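> I am attaching a structure below and will ask some questions about it afterwards.
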Amino acid sequence: MSRDRLVVGHNVRKVDGVKLVTGGAAFTDDVQIPGMLYGKILPSPHAHARIRRIDTTKAKALPGVHAVLTYKDVPRVPHTTAGQAWPEPSPYDTYLLDSKVRFVGDRVAAVAAESRAIAERALGLVEVEYEILPAVLDMEQAMVEGVAVIHDEPDSTKIYDREHNIAGYILREIGSVEQGFRESDYIIEREFRTSRQQHAPLEPHVTISWLDADGRLVIRTSTQVPYHCRRQVAMILQIPVSRVHVIKPRIGGGFGGKQEMLLEDICGALALATRRPVKMEFTREEEFYMARSRHPQRLRMKMGVKRDGTVLASQLTVLATTGAYGSHSTTVQGNTGSKVLPLYRAPHMRFECHVVYTNTPVAGAFRGYGCPQGFFAQETLVDEIACELGMDPLEFHRKNVIRLGDTDLLSAQLGEGKEGLPRLVRSCGLPRCMESAALAIGWAQKRKSFPNGHTHLRRGVGMACTMQGSGIAGVDWASAFLKINEDGSFFLQVGASDVGAGADTVLSQIAAETLGVSLDKIIITSGDTDITPFDVGAYASSTTIISGGAVNKAAGKVRAQVLALASKMLDAPVEQLDCGNNEVFTTCACRKSVKMSDLAMQAMYKEKFQIMDGASHFNTDSPPPFCATFAEVEVDTETGQVRVLHLATAVDPGTAINPMQAEGQVEGAVAQGLGFALTEELVLDANGAPVNPNFLDYKIFGAQDMPKLTTILVETDEPLGPYGAKSISEVPINGPAPAIANAIFHAVGIRIRKLPIRPEDVLRALHAERPANLEEELLTR
Amino acid sequence: MFGSRGVFVMKTMELHLTVNGISQNWSIAPGELLLDVLRRQSYFGVKRGCEKGECGACAVLVDGKPINSCLMFAAQAEGRNILTIEGVADGGKLDPLQEAFLDHGAVQCGFCTGGMVISAKALLDGCPDPSEDQVREALAGHLCRCTGYLKPVEAVLAAASKRKPRARRAKPVAEVAR
């Protein structure tokens, strides 16, 4: 399009902003339905046990209790809770309710009662006799011969090796790492560990379910995946998909945790059992251990380089635990290899991973989807290599990172639980990302000399480069539908799920731009399975590029209908027409125009024609957004406390459809990455019970804790994206942990390879690893 | 009705208070939290985020002071003046804070926004020209998982100085190199 963009690329307000900022009733729980019951799950107190006897008589007898369900009352359908496209690559190892419990917090029974208090009381009246089984809590023990088998049920499927608690296994190699290491001048291998981070969305999972007047099951729920949820609930409850209606209202944050069918099945089952509306919500405590987390990993990474710093071979060997159920098990871990290793142009790469079951809270999708773990290992290792070679890490990156025109072959081998598609880099702002973020942090000066005098506070700077994808190539797809109204506005219907990141706004901007109308002329409805067309949902950084692609296509088709009618009305050929400012005008000297509203009236009442169309869209490639993260830290050598002073993040998102929102995605991801680096870990006790399921003991960063943030958008033009857009929400979460770890090394000369980096770890390392002459060395730097 | 232990109790009490300028008489149970009563009365802008006073999503002003309504018995609100996020706008006219939150991209999912605006309002009512540190202190009790706090802080500072909406891509707090 030749004209300047009027809506895309502009900092418009969120289209749903006013209701959010005025406290409007917008979220799942912001309704009161007459006769609504309160549903509650009885969580397992044991990490691994068989239910020998379960008696619900007393609970059912409690006045106000309407239903108590156990495994005896519900269909037994093996499934996964992972909200993925069918057929889901995750194992079918989960049941609505089961006679076996596999982690502290697993479902034992569910009740529906007239109030929360009665429901909670009823839980205590369910009599359960458990046969306690040996629990496997340590992932390193999970594959050992003779340990308890967590999924010994015969009907679960797609488990790689149930006898050894292996949910999934991946091995991929490009070239020959053996040869690569042989040809290398310098080889280094290190081990890294990452923690069980929890999404902690401010809105815990909540679902309300009821039967509508036609007896169809309505599910109003905080989900990122309304369509997958509909399909899965129908399968689990054994009712036709057409009898289920999923509504996604405003969502109070998802971050992957709501790419999961978590309460919808059991809430639907209670609604069916009671014929009453039922609400279920996790308390904050339940959200911490009954919802999902990031997969904890142990990563062994080995790299071989030439003396000049050229990377020849990289090998990553991962052990990860998915907890008690295999939600997103192979796909998250696949990403740890496929999106991480190809950042470097090594001819030889090898990725191997075991994903094991343990009797611990279930891991799942979490912003970054395996990459934060992988990049923590890779970028920390690369920093060490550069330092060993006496190279500036920035120079090392400049030399080795993937470039425009490169093809990432590992992605071809490692797709969504199967073989993928090769990834061609058609847009790449990474070099500019590195230079601009380096400048923002003052890299050149601070790397050389820091004013670290004779004090216990030492400063350092560190960096990391990361990438991600934009949708799952060949899997993710979306659709959109548009129709005109009499006033020249358009209804836009998309299956895409705005979970708070601003998708509704970005998709409306794309439609408005293509149709030449102002943003207020687009009325969007999203994520309602009765009203909106299909979309896989909000995950894999897919919404802007895939759903946006569908919107752009649909708007293009509708625009063609608009222009065809305008051509008739203005007596001008279509080639000489354009849309803009809510009208269609001729581009020739005659300067004729018709208002979009007049055109709509003409179509509807004279031509008797509804201007409308829809489109579907998918990509066979997943263009990577790129990111450079630079950190400046101050380490207190007396307490081990690490204070991050400044995080500079430069991201290449393709075109930023809404730069202000794009910056917000970066800043939010950086805050979560900061937590992953320094504070966040759901700790389990010796019995597998959570120790810190609350915001006092599980620390997420607050307004006063945040360092200075610098956000830089390095825009490129991606040929596969609508208006050149790629994605932005995930990639910036990957950088803070390695950049901070590398800055700590620069400050005090120790390598921390375990997350989160706690003061006690730093202090211990300072005492253990500090060479005798380090103090001197630091002082002379 | 049932008490917290599910035992049949008929005890209720009358609560008289003012919410968003309107005087109310509500029948409540003695042990009920202000959060639960407000939500039951359809003040849905008061959010349930943790029920432990840790996240700030349920904040309201009680006689002008920000309070986590999950930490206060409804009965303690007797005779008090409550302001919820629903009462911050003046009819259809948004408060400058709300305008600033929209213009600065300070709203993402919006779940914590009401509480932040409430505390920011209390801050600006007492301190019309706060420093960035004062703004951060006022927002310290409000956990946000979406924004990293930068844009909310910017928004409060902008509302305070009644600056016009920023030009495209200009930033007062963080430097942005483009």
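> Only one of A:631, A:662 is away from chain B (no Cβ under 13 Å) and either outside any loop (DSSP other than H, G, I, E, B) or not basic (Lys, Arg) (or both); which?
Residue meeting the stated conditions: A:631.
> Of all residues in the range B:76-117, how many are in contact with a helix residue (DSSP H, G or I) (Cβ under 6 Å, 6 or more places away or on another chain), within 9 Å of another protein chain (Cβ to nearest Cβ), touching a residue at least 60 places away in the same chain (Cβ under 8 Å) and over 13 Å from residue B:154 (Cα atoms)?
Residues in the range B:76-117 being in contact with a helix residue (DSSP H, G or I) (Cβ under 6 Å, 6 or more places away or on another chain), within 9 Å of another protein chain (Cβ to nearest Cβ), touching a residue at least 60 places away in the same chain (Cβ under 8 Å) and over 13 Å from residue B:154 (Cα atoms): 1 in total.
> Consider the range A:690-715. How many of its residues are in contact with a Pro (Cβ under 8 Å, 6 or more places away or on another chain) and either among the aliphatic types (A, V, I, L, M) or within 14 Å of another protein chain (Cβ to nearest Cβ) (or both)?
Narrowing the range A:690-715 to residues in contact with a Pro (Cβ under 8 Å, 6 or more places away or on another chain): A:690, A:703, A:713, A:715.
Still in the running and either among the aliphatic types (A, V, I, L, M) or within 14 Å of another protein chain (Cβ to nearest Cβ) (or both): A:703, A:713, A:715.
Going through the range A:690-715 one residue at a time, the tally reaches 3.
> I'd like to know if the range A:332-342 contains one or more residues that are farther than 16 Å from residue A:466 by Cα and surrounded by fewer than 24 Cβ atoms within 10 Å (Cβ to Cβ).
no
> Now for a separate question. Filter the range A:272-291 for residues that are within 14 Å of another protein chain (Cβ to nearest Cβ) and in a loop (DSSP other than H, G, I, E, B); which is surrounded by the most Cβ atoms within 10 Å (Cβ to Cβ)?
A:291
> Would the range A:377-398 turn up any residue that is within 18 Å of residue A:193 (Cβ to Cβ) and surrounded by fewer than 24 Cβ atoms within 10 Å (Cβ to Cβ)?
Yes: one or more hits.
> Say whether the condition of being of a type outside the set (A, V, I, L, M), free of Cβ contacts under 8 Å to residues at least 12 places away in the same chain and part of a loop (DSSP other than H, G, I, E, B) is met by at least one residue in the range A:388-403.
So the first thing to find is which residues in the range A:388-403 are of a type outside the set (A, V, I, L, M), and the list is A:388, A:390, A:392-393, A:395-400, A:403.
Then keep just the ones that are free of Cβ contacts under 8 Å to residues at least 12 places away in the same chain; that gives A:390.
Checking the rest, the ones that are also part of a loop (DSSP other than H, G, I, E, B) come to A:390.
Within the range A:388-403, one or more residues are of a type outside the set (A, V, I, L, M), free of Cβ contacts under 8 Å to residues at least 12 places away in the same chain and part of a loop (DSSP other than H, G, I, E, B).
> Looking at this structure, is residue A:184 under 30 Å from residue A:731 (Cβ atoms), small (Gly, Ala, Ser), out of contact with any helix residue (DSSP H, G or I) (no Cβ under 7 Å at 6 or more places or on another chain) and modelled with pLDDT of 95 or more? Break it down stepwise before answering.
Values: under 30 Å from residue A:731 (Cβ atoms): yes; small (Gly, Ala, Ser): yes; out of contact with any helix residue (DSSP H, G or I) (no Cβ under 7 Å at 6 or more places or on another chain): yes; modelled with pLDDT of 95 or more: yes.
In short, yes.
> Related question: Please tell me if residue A:603 is of a type outside the set (D, E, K, R), modelled with pLDDT of 95 or more and over 21 Å from residue A:510 (Cα atoms).
Criteria met by residue A:603.
> A follow-up question, please. Name the residue, out of A:204, A:249, that is closer than 30 Å to residue A:699 by Cα, in contact with a strand residue (DSSP E or B) (Cβ under 7 Å, 6 or more places away or on another chain) and surrounded by fewer than 24 Cβ atoms within 10 Å (Cβ to Cβ).
Within the list A:204, A:249, the selection yields A:249.
> Additional query: Name the single residue, out of those in the range A:177-201 being of a type in the set (Gly, Ala, Ser) and away from chain B (no Cβ under 14 Å), that is surrounded by the most Cβ atoms within 10 Å (Cβ to Cβ).
A:180
> If the requirement is being crowded, with 18+ Cβ neighbours inside 10 Å, closer than 30 Å to residue A:584 by Cβ, touching a helix residue (DSSP H, G or I) at 6+ places or on another chain (Cβ under 8 Å) and not aromatic (Phe, Trp, Tyr), which of these qualifies: A:496, A:464, A:473? Talk me through it step by step, then tell me what you get.
Values: A:464 fails: closer than 30 Å to residue A:584 by Cβ; A:473 fails: closer than 30 Å to residue A:584 by Cβ.
Residue meeting the stated conditions: A:496.
> Still on this model: Based on this model, can you work out whether residue A:82 counts as of a type in the set (A, V, I, L, M), in contact with a Leu (Cβ under 8 Å, 6 or more places away or on another chain) and either outside the structural domain of residue A:224 (by TED's automatic domain parsing) or buried (at least 21 other Cβ atoms within 10 Å of the Cβ) (or both)?
no
> Of all residues in the range A:207-233, which are surrounded by 24 or more Cβ atoms within 10 Å (Cβ to Cβ) and part of a loop (DSSP other than H, G, I, E, B)?
A:222, A:223, A:224, A:225
> Here's another thing I want to ask about it. Given the structure, is residue A:228 over 24 Å from residue A:36 (Cα atoms) and in the same structural domain as residue A:113 (by TED's automatic domain parsing)?
Here the answer is yes, as residue A:228 does meet what is asked.
> From A:12, A:8, A:18, A:31, which residue is part of a helix (DSSP H, G or I) and either aliphatic (A, V, I, L, M) or more than 14 Å from chain B (Cβ to nearest Cβ) (or both)? Don't jump to the end; show me each part of the working.
Numbers: A:12 fails: part of a helix (DSSP H, G or I); A:8 fails: part of a helix (DSSP H, G or I); A:31 fails: part of a helix (DSSP H, G or I).
Every option except A:18 fails the conditions.
> Does any residue of the range A:578-587 turn out to be more than 21 Å from residue A:12 (Cα to Cα), crowded, with 16+ Cβ neighbours inside 10 Å and touching a Phe, Trp or Tyr at 6+ places or on another chain (Cβ under 9 Å)?
Yes, the conditions are met somewhere in the range A:578-587.
> Might you let me know whether the range A:303-313 holds any residue that is of a type in the set (Lys, Arg) and not in a helix (DSSP H, G or I)?
Scanning the range A:303-313 turns up at least one residue that is of a type in the set (Lys, Arg) and not in a helix (DSSP H, G or I).
> Please find, within the range A:506-523, the residue that is nearest to residue A:575 (Cα to Cα) out of those that are buried (at least 23 other Cβ atoms within 10 Å of the Cβ) and out of contact with any Gly (no Cβ under 8 Å at 6 or more places or on another chain).
So the residue we want is A:515.
> Further question: Which number in (1) part of a strand (DSSP E or B); (2) away from chain B (no Cβ under 12 Å); (3) not β-branched (Val, Ile, Thr) marks the one condition that residue A:38 misses?
(2)
> Let me ask something additional. Working carefully through the options B:45, B:31, B:53, find the one that is within 10 Å of chain A (Cβ to nearest Cβ) and either surrounded by 22 or more Cβ atoms within 10 Å (Cβ to Cβ) or touching an Asp or Glu at 6+ places or on another chain (Cβ under 6 Å) (or both).
The unique qualifying residue is B:45.
> Which residue is farthest from the other protein chains (Cβ to nearest Cβ), if the candidates are limited to the range A:202-218 and must be closer than 16 Å to residue A:282 by Cβ and of a type in the set (A, V, I, L, M, F, W, C)?
Among those that are closer than 16 Å to residue A:282 by Cβ and of a type in the set (A, V, I, L, M, F, W, C), it is A:208.
> Now a separate question. Residues that are part of a strand (DSSP E or B) and either on the phi > 0 side of the Ramachandran plot or modelled with pLDDT of 95 or more (or both): does the range A:688-699 have at least one?
First, pick out the residues of the range A:688-699 that are part of a strand (DSSP E or B): A:690.
Then drop every residue that is not either on the phi > 0 side of the Ramachandran plot or modelled with pLDDT of 95 or more (or both), which leaves A:690.
So far as the range A:688-699 goes, yes, one or more of its residues are part of a strand (DSSP E or B) and either on the phi > 0 side of the Ramachandran plot or modelled with pLDDT of 95 or more (or both).
> When you look at residue A:480, is it away from every other protein chain (no Cβ under 14 Å), under 30 Å from residue A:391 (Cα atoms) and in a strand (DSSP E or B), yes or no?
Taking the combined requirement at face value, the residue does not satisfy it.
> Does any residue of the range A:202-220 turn out to be more than 27 Å from the chain's Cα centre (by Cα) and of a type in the set (S, T, N, Q)?
Scanning the range A:202-220, I find no residue that is more than 27 Å from the chain's Cα centre (by Cα) and of a type in the set (S, T, N, Q), so the answer is no.
> For the range B:135-150, indicate whether the set of residues that are at pLDDT below 95 and either at positive phi or at the interface with chain A (Cβ under 10 Å from one of its Cβ atoms) (or both) is non-empty.
no
The values are calculated or read from the model by the stated rules, or taken from the named source; none is laboratory data. Remember, it's a predicted structure, so these values are computed and weren't measured experimentally. All Cβ positions, even for glycine, are placed from backbone atoms using ideal geometry, and neighbour counts span all protein chains on display.
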